[in-house]
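Reviewing the structure listed below.
The values are calculated or read from the model by the stated rules, or taken from the named source; none is laboratory data. All of these numbers come straight from a predicted model, not from anything done at the bench. Here the Cβ positions follow ideal geometry from the backbone for every residue, glycine too, while neighbour counts run over all protein chains shown.
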Amino acid sequence: MNTVVEPMLPEGAKARRVYLALHDEISAGRLNAGDHLPGEQKLAAQFSVSRVTIRRALESLRAAGLVERRAGSGTIVRSKTTSAGPVSMNLSTLMPQLVDIGQNTTARLLSFSYGSAPGFVASAMLLNPADQVQIATRVRSVDDTPFSHLTTYVPAGIAQNYSENDLATTPLFRLLERSGVQIAEAHQTVSATLAGPEVAEALAVDVGVALLSLRRMVRDVNGNGVEYLAALYRPDMFQLEMPLARVGSEQARHWEPVIGKPNEASA
């Protein structure tokens, strides 16, 4: 199955605004396959821009494979070119799901090296300036569609127990455990960022597209940092979920995470 690589955003701030607005409507399912977009004149009035601006935005949508422009019929939303749905992960059962995703998706190794950790990684892992780490960057895909860009940092003393080929074919958690690491806990933060040129190419998205950013610090039973993960996810291909239960009584009732019970949508 071929992956559609979206082009650069159209030139001009107004055309980009129209493109992104219509892109969001299609991605969110508010515009479905076969739906007709309003005509150029109506879109121009809706967004308070010129018809030239509308044409630029529509051309970028067409080049992205999202719409089809037919003479006499206008602009029609196309069906999605991939059957791959978003990878869904439940925050309350994250670690087992990470292993499952590693076994049911494919990974492509982009880079593999040893060196000093960046300052933010060294600080989180409590490394000394002379400590070396293995740095590896991979892209994970489902049905040939990339959904995550992963950069991992592992202390060299642990990483020497597996090879570059191992990392390209086996989930990192399996490799750490095989190396004798007893993983005890992890702490992660989730935010958002914009895709730079290299990441955009690897994930088949536009430069500047918003991505889900996840940072995870993994420690062993002795409290030592054994892995730092900097992950970027396509929001159309990945989602984080957490089931909540209403608990307490009367004025003290509140929402509380349900731990250990993945919902049906989780991968």
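For the structure I just gave you, tell me whether Tyr228 is in contact with a Ser or Thr (Cβ under 9 Å, 6 or more places away or on another chain), part of a loop (DSSP other than H, G, I, E, B), within 20 Å of Thr137 (Cα to Cα) and of a type outside the set (Val, Ile, Thr). No; evaluated as a whole, the condition is false for this residue. Scan segment 41-64 for residues that are surrounded by 17 or more Cβ atoms within 10 Å (Cβ to Cβ) and outside any helix (DSSP H, G or I) and the total you get is 2.
Taking residues in segment 194-217 that are closer than 20 Å to Tyr228 by Cβ, and partners anywhere that are part of a helix (DSSP H, G or I), the pairs with Cβ atoms closer than 8 Å and at least 6 places apart or on different chains are Leu211/Val199; Leu211/Leu203; Met217/Ala124; Met217/Met125. Could you say which residue among Arg215, Arg178 is loosely packed, with under 14 Cβ neighbours inside 10 Å and modelled with pLDDT of 90 or more? From the options Arg215, Arg178, the qualifying one is Arg178. Looking across Ala71, Ala44, one residue alone is more than 22 Å from Val207 (Cβ to Cβ), over 30 Å from the mean Cα position of the chain (by Cα), among the aliphatic types (A, V, I, L, M) and at pLDDT 90 or above. It is Ala44. Would it be correct to say that Leu66 is at pLDDT below 80 and under 24 Å from His149 (Cα atoms)? No, not satisfied. With respect to the conditions (1) more than 15 Å from Leu110 (Cα to Cα); (2) touching a helix residue (DSSP H, G or I) at 6+ places or on another chain (Cβ under 9 Å); (3) not basic (Lys, Arg), Glu177 falls short on a single one, namely (2). When only residues in segment 124-138 that are part of a strand (DSSP E or B) and out of contact with any helix residue (DSSP H, G or I) (no Cβ under 8 Å at 6 or more places or on another chain) count, which is surrounded by the fewest Cβ atoms within 10 Å (Cβ to Cβ)? That would be Thr137.
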